[in-house]
Each structure stands twice: as C-alpha cells, then as structure tokens.
Amino acid sequence: MTFRWTEHRFAGGALALDVANSVILRSDAAKIVDRFAVPAQIAAFAEAATKLGAERDRFPTLIAPEAEKQAVFLDLREAVDDYFRAAIAGDDDGDDRLAGLLFACGTALRTFPLAENLGNATAHSALSLLAGETRERLRICGNCGWLFIDRSKNRSRIWCDMAVCGNRRKASRHYHRKKEAQT
C-alpha cells in the first residue's frame, strides 16, 4: 500500500515525532495502519521529510536506511513513540522508557553513522526533544492521537493540525448538536 506524504503528515513539529506518527490509529487495534509496512514508503517518507518536515533546515537531505537495517530504524520509531506518549500522559514508568529510548538512539547512531541517514537524524531529533522547554510543549492530538509540539503562545493547542483534525472535531460536534436538536 502506498501513501502520499503531504504537509499534514508532518504536523508533529519534529522529525522524531513525524516518524512516530507514521503509525496511524495506534490506539485502535482494528484500524491501526503502519505506513512503513512497505519498505519503499520509508524512502518516500525521507524524501518528503526533506521537503516538508519541520526540521528540514537542520536535516536538509535525508536518505532511507538500507533495507537490512530498517529493523533498527523501526525499533527507534517505537521507542520514540513509547517514551514521549507515556511522558505526555504522565506515566510514572519514565526511567525504563527513557532507558529504552536512549538505547534505541544509541543503536541508531551506531548503525547509521551518516548524518543524512533518516535513522541518524531521527535519533538526533528525539534526543533534542528531551531538553529544555520543547519537552514541556509536547502533546497528543485530541482527534487522531498523533504526537506534536504545541508552539502556540498560551500552550493551549489540542490538535496536531487545525486544518485537518481541528476541522474534523468541530464538524463532528456541529453534526451531533444538530442531531440532538432535531430529536
């Protein structure tokens, strides 16, 4: 299955979050979709992230991991999602998850020594999210469940992308209000 990597697919605000968001509907086992299940999609993602990703200035050229090393990249993706999703939710098992993230980042950096490799860049992006104010601005989208950085002044953003998820939520609320008013 192939996907179009549009600007909305890079709503996370950081390469590591966009990589983690490549699994759609993680919380619904019946609907979950792994956009990297087809290895060629990793290469398509790397190319699109070079053009559309929030960190394209930091990582101006990205190349996909070699096919025989993609398992390391996918392990990194899962560690990024596991750690940041739990940290945002306030899960108290942070030390084990942090160790898992650091191990996955270290493995990726050793496996992908070239800075332009998507695995290397993702590890660097994930490590940079651990520091400073950015860590406090991480959120989970109230509509799709994606991870994103809230860059709003008052830190009140609840959707990864207002034009997509925000609009869907508002349309859904409007539909339900109208339906209730008719009964």
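The values are calculated or read from the model by the stated rules, or taken from the named source; none is laboratory data. Treat the numbers as computed from the prediction; the structure is a model and nothing was measured. FYI the Cβ positions are ideal-geometry reconstructions off the backbone, even for glycines, and counts take in every protein chain you see. The protein model used for the area step is the full one, side chains on, heavy atoms only, and it has no ligands, DNA or RNA in it. Shrake-Rupley method; radii C 1.70, N 1.55, O 1.52, S 1.80 Å.
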field: Residue-normalised accessible area of the range 83-166, expressed per residue, 1.4 Å probe, Å²
entry: 49
query: By how many degrees, between 0 and 90 and to the nearest 10, does the Cα long axis of helix 94-111 differ from the longest principal axis of the chain?
result: 50
message: Only sites in a loop by DSSP and with at most 12 other Cβ atoms within 10 Å count here; which trypsin sites (Lys or Arg not before Pro) in the range 1-90 make the cut?
response: Arg4, Lys31
message: Let me check something: with ligands and nucleic acids excluded, how do Ser156, Ser128, Ser27, Ser22 order by accessible area (1.4 Å probe), largest to smallest?
response: Ser27, Ser156, Ser128, Ser22
message: What does the charge count around Gln41 come to, taking other residues whose C-beta lies under 10 Å from its C-beta (Lys +1, Arg +1, Asp -1, Glu -1)?
response: 0
message: Just to confirm the number: angle between the C-alpha axis of helix 70-89 and the first principal axis of the chain, 0 to 90 degrees, nearest 10?
response: 40
- line: Packing-ranked peptide list from 138-151, 97-110, highest mean Cβ count within 10 angstrom first, is 138-151, 97-110
- prompt: Around Arg139, with a cut-off of 11 angstrom between Cβ atoms, what is the net charge of the other residues, counting Lys and Arg +1 and Asp and Glu -1?
  reply: +3
field: Kirkwood Rh and Cα Rg combined as Rg/Rh, the range 101-150
entry: 1.06
query: Pulled fully out, how much extra length does the chain show between Asp95 and Ala67, if you take 0.36 nm times their separation in residues and subtract their Cα-Cα distance?
result: 6.9 nm
query: Can you give the accessible area per residue of the range 1-54, in Å², using a 1.4 Å probe?
result: 47
- prompt: Which value, in nm² and rounded to one decimal, describes the direction-averaged projected area of the C-alpha convex hull of the chain?
  reply: 12.2
Spin-label model distance (nm) - Glu47 vs Met162, 7 Å beyond Cα toward Cβ: 3.3
- prompt: What whole-number value in cubic angstrom gives the convex hull volume per residue for the C-alpha atoms of the range 13-68?
  reply: 87
Computed over the chain: relative contact order in percent, which uses C-alpha pairs under 8 Å that are six or more apart: 23
statement: Counting only protein heavy atoms with a 1.4 Å probe and every protein chain in place, the carbon and sulfur fraction of the accessible surface of the range 75-154 in whole percent equals 52
query: Where does helix 167-182 land angle-wise versus the long Cα axis of the chain, in degrees 0 to 90, nearest 10?
result: 20
